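Below: one structure, written as structure tokens.
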Amino acid sequence: MGAYDDDDGAVKISKSQLFIGGISIVLCSLLVLSRSNGTLACSNPGDFDIGAYREAALANTPPNIIECAGAEAGGSQELCHLPRDERYGAIGQKGITLWMTGLSGSGKSTIAGALEERLVLEHGKVVQMLDGDNVRTGLNRDLGFSPSDRAESVRRVGELACLFNAGGVITLVTLVSPYRADRDAAKARHGDMGLKFLEVYMNVDIDVVQARDPKGLYAKVKAGEITSFTGMSEDAPYEMPLHPDIDLPNNEMTIDESVDMLMEILTLEGVLVGN
């Protein structure tokens, strides 16, 4: 068996490979052909590098797309929307993104779920959780687990988090997001938009997550049923944050204690009030 989705849920990478293989024929015929003066440059669809194509397409995105006449080319789009201060005052909260990263089994979804419950049920706040499961079944269902696909997954979720955040929603992202550069890019994107972003490192040792093994995935790795798994394979490293905004060694804390810590930080950040 091959690689699995170690974000949330076991999904065979072969499904994405089949999908990518199918669209490669179309991409090679229509896209590469159009760039080669009528000469088909992609004789083998399997050779098509969708990651490189995606990177080039993003680099060529026009920087001057505007939403309304009031915004100058490449400038702020705030004139097109309700001012944030007015929005935040009306809804009684501010937007923020808590980006929870860590190995599979490190407590990302569990703690985020408990935090969401407290914020919504006890404080009446609007919260959106972007979890490995709910993005892999829709927004990212076309992506596999190669480095380029993982980068694209983080980019998409980062953009979605920005939209929720800008709308005043407390946004909880729970992705393994193993590559430091991808997480840094998501943080930089928030910064460019003037949005609060806190990287939360679920600082739990590999031995602990293996003992927890809530989905039995680590057992499958040891049995040889999974050959590529984040933090367990040379081809699937996890790059821990060097300077996380929040270090959360939750193996030394209860779930409630972890939530208490995050609630205190949200209070200090001023996001639980509108003005």
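A residue that is farther than 24 Å from residue 149 by Cα, open to solvent by less than 10 Å² (accessible area, probe 1.4 Å), modelled with pLDDT under 95 and among the hydrophobic types (A, V, I, L, M, F, W, C) occurs somewhere in segment 209-217. Pairing each residue of segment 177-197 that is within 14 Å of residue 151 (Cβ to Cβ) with any residue that is among the hydrophobic types (A, V, I, L, M, F, W, C) and in a helix (DSSP H, G or I), provided the two are 6+ apart or on different chains, yields C-beta distances under 7 Å for 177/154; 179/151; 182/151; 182/154; 183/154; 186/154; 189/162. With respect to the conditions (1) among the aliphatic types (A, V, I, L, M); (2) surrounded by fewer than 20 Cβ atoms within 10 Å (Cβ to Cβ); (3) closer than 16 Å to residue 102 by Cα, residue 121 falls short on a single one, namely (3). Taking the conditions exactly as written (out of contact with any helix residue (DSSP H, G or I) (no Cβ under 8 Å at 6 or more places or on another chain), of a type outside the set (Ser, Thr, Tyr) and open to solvent by 50 Å² or more (accessible area, probe 1.4 Å)), does residue 239 satisfy them or not? When the stated conditions are applied, residue 239 does not pass them.
All conditions but one from (1) among the β-branched types (Val, Ile, Thr); (2) over 24 Å from residue 113 (Cβ atoms); (3) loosely packed, with under 15 Cβ neighbours inside 10 Å apply to residue 226; the one that does not is (3). Whenever a residue of segment 91-107 is over 15 Å from residue 237 (Cα atoms), its partners that are open to solvent by 10 Å² or more (accessible area, probe 1.4 Å) and assigned to a strand (DSSP E or B), lying with C-beta atoms within less than 8 angstrom and at least six residues away or across chains, give the pairs 96/197; 96/198; 97/197; 97/198; 98/198; 99/197; 99/198; 99/199. With respect to the conditions (1) open to solvent by less than 60 Å² (accessible area, probe 1.4 Å); (2) in contact (Cβ under 8 Å) with a residue 12 or more places away in the chain, residue 253 lacks only one, and its number is (2).
The rows are residues; the columns are (1) of a type in the set (A, V, I, L, M); (2) surrounded by 21 or more Cβ atoms within 10 Å (Cβ to Cβ).
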| residue | (1), (2) |
| --- | --- |
| 110 | no, no |
| 132 | no, yes |
| 144 | no, yes |
| 161 | yes, yes |
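Cβ separations smaller than 6 Å between residues 6+ apart or across chains give the following pairs from segment 115-132 residues that are within 16 Å of residue 256 (Cα to Cα) to residues that are open to solvent by less than 20 Å² (accessible area, probe 1.4 Å) and part of a helix (DSSP H, G or I): 115/259; 115/262; 118/259. Scanning segment 213-250 for residues that are among the β-branched types (Val, Ile, Thr) and in contact (Cβ under 8 Å) with a residue 24 or more places away in the chain gives 226, 227, 230, 246. Taken as a whole, the condition of being outside any helix (DSSP H, G or I) and closer than 20 Å to residue 155 by Cβ applies to residue 194. Checked against (1) among the polar types (S, T, N, Q); (2) in contact with an Asp or Glu (Cβ under 9 Å, 6 or more places away or on another chain); (3) open to solvent by less than 50 Å² (accessible area, probe 1.4 Å), residue 171 passes all but condition (2).
Across segment 211-249, the qualifying residues are those that are closer than 19 Å to residue 110 by Cβ and among the hydroxyl-bearing types (Ser, Thr, Tyr), and the one among them that is farthest from the chain's Cα centre (by Cα) is 218.
The values are calculated or read from the model by the stated rules, or taken from the named source; none is laboratory data. These numbers were taken from a predicted model, which means no experiment stands behind them. Ideal geometry is used to build each Cβ from the backbone, glycine not excepted, and the neighbour counts take in all protein chains shown. Side chains included, ligands, DNA and RNA excluded: accessible areas come from the protein's heavy atoms. Shrake-Rupley method; radii C 1.70, N 1.55, O 1.52, S 1.80 Å.
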